[in-house]
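The values are calculated or read from the model by the stated rules, or taken from the named source; none is laboratory data. As the structure is a computational prediction, the values presented were derived from the model and not from experiment. Because the Cβ atoms are built from the backbone with ideal geometry, glycine has one as well, and the counts that use them run over all protein chains shown. Heads up: the accessible areas ignore ligands, DNA and RNA and are worked out on the full protein's heavy atoms, side chains in. Shrake-Rupley method; radii C 1.70, N 1.55, O 1.52, S 1.80 Å.
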Amino acid sequence: MEDPNLDDLTLDDGSTIGVVGGGPSGTFFTFFALEFARRVGLKISIDILEAKDFTKPGPAGCNNCGGIVSESLIQVLSTEGIILPSTVIRRGIESYTLHVENGVSVIETPFKEQRIASVYRGAGPKGDADNDQLSFDNYLLELCKENGANVIHERVTEVERAKDGIIIRTKNSFEKKYDFVVGAVGLNKPTCKLFQSICPSYIPPKTSRTYISEFLLGRDAIDEYFGNSMHVFLLNIPNITFGALIPKGKYVTLVLLGTDIDKEIVSRFIQSKDVRNCFPPDIDLEANMPCNCYPMINIQAAKTAYSDRVVLIGDSSSSKLYKNGIGAAYVTAKAAATSAIFHGISSRTFKSSFQPACSDLDKDNTVGKFIFLVTSIIQKSRILKSGLLQMVVKEQKKPAKQRRMSSILWDTFTGSASYRNIFVRFLNPFVIIYLIWNILTAGLIKLKPGKHED
Ligand SMILES: Cc1cc2nc3c(=O)[nH]c(=O)nc-3n(C[C@H](O)[C@H](O)[C@H](O)COP(=O)(O)OP(=O)(O)OC[C@H]3O[C@@H](n4cnc5c(N)ncnc54)[C@H](O)[C@@H]3O)c2cc1C
């Protein structure tokens, strides 16, 4: 049902907003909408409807993620007034350890702003009773509550368009009509489908199956075997675009990204010599894995993620390919809040003031796809990998500014920079010539497998 006067479709004093999903995109939207409304003196009320309880460990409170947050995003958030407390950060990561079949190298972050932090989206892995650290998602949800949002812990089962609003119904018979509804439901298929009924042109994003597991090692073993380093693997295993081990408190998180990761691929990765060598030799990894899952990841943006009185944000619309999904959630959430508070909530308004933020992410992902194509070619070739490894090993002796390839790889692995920025830096003639030189001479340097080079 079309609203009669599209251009007059705006929020007014007393307007109600229902945000379905209290993950990062839902909470970022709420934070900005409340803040912008306060600035212009608009009196709105926001309900966040969230099915999970982020204070619970394991699947009940988990939003299935590697939990890497870049220093640059932490800084951007703090300038917005979202200051992540140290209790949310599980580990500050200051280097990455690059593993290829021909060797290993520890690469320090060339610049401070390239550091990253590891967090847990929920309260930690299944069975974890460590209460001294907080969930990232719960911290954001509490912040929204402090700023005036109302949080309803219920699963939304129905959304229906009414004459002058949208009705939301939950599993436990909650029912309310809102002036404006935000879909921040991630990649939850049934809920995305619900939104198609009120947003007829919406086509949900394309997804691919990934893998996450947690290994319980204890703080001492983590300090000894991982320290403040994220381990990144460029191994020639089919379907895996990127594999990483991320230390967090007494756990280490394994993340495998790529296409349709299954049990067999996971087992091949975990049993590979390069991965096993990272762990204490006597540990039984299967027995020390409290939880694992195969979550979906957004690999191609949704289409037309808006309609009159409705907008979809975060993973439900456009994300960043393989990396920094939380940063992308921030971008789309802020764009939607800007549009809703300052411009309006009609389909036409979202097209002009929200869609450009999504299109920008989508264009960057096209460059990202090309970068991952090049990475996959390197991954399959021992000689290219040797050249690359040799180049970054040599760079460690140079001043930070000249560690160009190390910096490019760091941003590719962590998502700290846009893919366009990474690509432009890769096109620097110094990088290309030095890489070719290293590939040509790689065979002359013997790098023993498993040996750490400084
Ligand atoms: C394997 C893997 C590793 C990743 N690693 C990283 C990383 O290291 N760093 C990073 O920045 N990003 C990472 N991401 C991406 C990141 O997880 C997402 O981009 C991010 O979570 C998107 O936030 P969101 O709020 O849009 O969606 P989500 O985080 O999925 O939140 C959606 C919320 O909606 C709720 N919901 C859904 N349906 C309903 C309903 N019907 N009723 C009520 N509530 C509902 C869910 O419970 C959930 O809380 C990773 C993703 C994967 C798959």
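Taking the stretch 190-213 only, how many residues are touching a residue at least 24 places away in the same chain (Cβ under 8 Å) and either more than 17 Å from the chain's Cα centre (by Cα) or under 21 Å from Glu94 (Cβ atoms) (or both)?
12
Is one or more of the residues making up the stretch 166-175 of a type outside the set (S, T, N, Q) and out of contact with any Asp or Glu (no Cβ under 9 Å at 6 or more places or on another chain)?
Looking for residues that are of a type outside the set (S, T, N, Q) and out of contact with any Asp or Glu (no Cβ under 9 Å at 6 or more places or on another chain), one finds none in the stretch 166-175, hence no.
Only one of these is aliphatic (A, V, I, L, M), outside any helix (DSSP H, G or I) and farther than 24 Å from Ile198 by Cα: Ile270, Ile283. Name it.
Ile283
Could you check the stretch 12-52 and list, in sequence order, the residues that are more than 15 Å from the ligand (Cβ to nearest atom) and in a helix (DSSP H, G or I)?
Leu34, Glu35, Phe36, Ala37, Arg38, Arg39, Val40
Report yes if some residue within the stretch 260-274 is under 23 Å from Gly227 (Cβ atoms), away from the ligand (no atom under 14 Å from the Cβ) and among the charged types (D, E, K, R); otherwise report no.
Looking through the stretch 260-274, at least one residue is under 23 Å from Gly227 (Cβ atoms), away from the ligand (no atom under 14 Å from the Cβ) and among the charged types (D, E, K, R).
Which members of the stretch 276-290 meet the condition of being open to solvent by 80 Å² or more (accessible area, probe 1.4 Å) and more than 22 Å from Val232 (Cβ to Cβ)?
Asp282, Asp284, Glu286, listed by residue number.
If you go through the stretch 193-211, how many residues are under 22 Å from Asp260 (Cβ atoms), open to solvent by less than 20 Å² (accessible area, probe 1.4 Å) and in contact with a Phe, Trp or Tyr (Cβ under 8 Å, 6 or more places away or on another chain)?
Residues meeting the conditions: 2.
Any idea which of Phe423, Phe350, Phe342 is open to solvent by 50 Å² or more (accessible area, probe 1.4 Å), part of a helix (DSSP H, G or I) and in the same structural domain as Leu187 (by TED's automatic domain parsing)?
Step by step, each of Phe423, Phe350, Phe342 is checked, and only Phe342 is open to solvent by 50 Å² or more (accessible area, probe 1.4 Å), part of a helix (DSSP H, G or I) and in the same structural domain as Leu187 (by TED's automatic domain parsing).
Out of Leu217, Leu245, report the one residue that is under 20 Å from the mean Cα position of the chain (by Cα) and crowded, with 18+ Cβ neighbours inside 10 Å.
Leu245
I'm trying to understand the selection: among the residues of the stretch 322-339, which are open to solvent by 10 Å² or more (accessible area, probe 1.4 Å) and more than 10 Å from the ligand (Cβ to nearest atom)?
Val331, Lys334, Ala335, Thr338
Output the number of residues of the stretch 64-79 satisfying the condition of being out of contact with any strand residue (DSSP E or B) (no Cβ under 8 Å at 6 or more places or on another chain), open to solvent by 40 Å² or more (accessible area, probe 1.4 Å) and either in contact (Cβ under 8 Å) with a residue 24 or more places away in the chain or in a strand (DSSP E or B) (or both).
Of the residues in the stretch 64-79, 2 are out of contact with any strand residue (DSSP E or B) (no Cβ under 8 Å at 6 or more places or on another chain), open to solvent by 40 Å² or more (accessible area, probe 1.4 Å) and either in contact (Cβ under 8 Å) with a residue 24 or more places away in the chain or in a strand (DSSP E or B) (or both).
Looking only at the stretch 157-186, count every residue that is within 14 Å of the ligand (Cβ to nearest atom), within 18 Å of Tyr306 (Cα to Cα), open to solvent by 40 Å² or more (accessible area, probe 1.4 Å) and outside any strand (DSSP E or B) and tell me the total.
Qualifying residue count, the stretch 157-186: 0.
Search the stretch 39-59 for residues that are not assigned by TED's automatic domain parsing to the domain that holds Asp13 and pair each with any residue that is more than 16 Å from the ligand (Cβ to nearest atom) and at pLDDT 95 or above when their beta-carbon atoms are under 6 Å apart and the residues are at least 6 apart or on different chains.
So the pair list comes out empty.
Can you confirm whether the stretch 143-154 contains a residue that is buried (at least 22 other Cβ atoms within 10 Å of the Cβ) and either out of contact with any helix residue (DSSP H, G or I) (no Cβ under 6 Å at 6 or more places or on another chain) or over 20 Å from Phe28 (Cβ atoms) (or both)?
No, there is no match, as no residue in the stretch 143-154 is buried (at least 22 other Cβ atoms within 10 Å of the Cβ) and either out of contact with any helix residue (DSSP H, G or I) (no Cβ under 6 Å at 6 or more places or on another chain) or over 20 Å from Phe28 (Cβ atoms) (or both).
Looking at the stretch 248-275, I want the residues that are in the same structural domain as Ile222 (by TED's automatic domain parsing) and have a partner that is of a type in the set (Gly, Ala, Ser) and assigned to a strand (DSSP E or B) with Cβ atoms under 7 Å, at least 6 apart or on another chain. Which pairs are those?
As it stands, the answer is Lys248/Ser118; Leu254/Ser213; Val255/Ala244; Leu256/Gly243; Thr259/Ser208; Asp260/Ser208; Phe269/Gly243, since those pairs meet every condition given.
Which condition breaks for Ser416 when tested against (1) hydroxyl-bearing (Ser, Thr, Tyr); (2) open to solvent by 20 Å² or more (accessible area, probe 1.4 Å); (3) part of a helix (DSSP H, G or I)?
(3)
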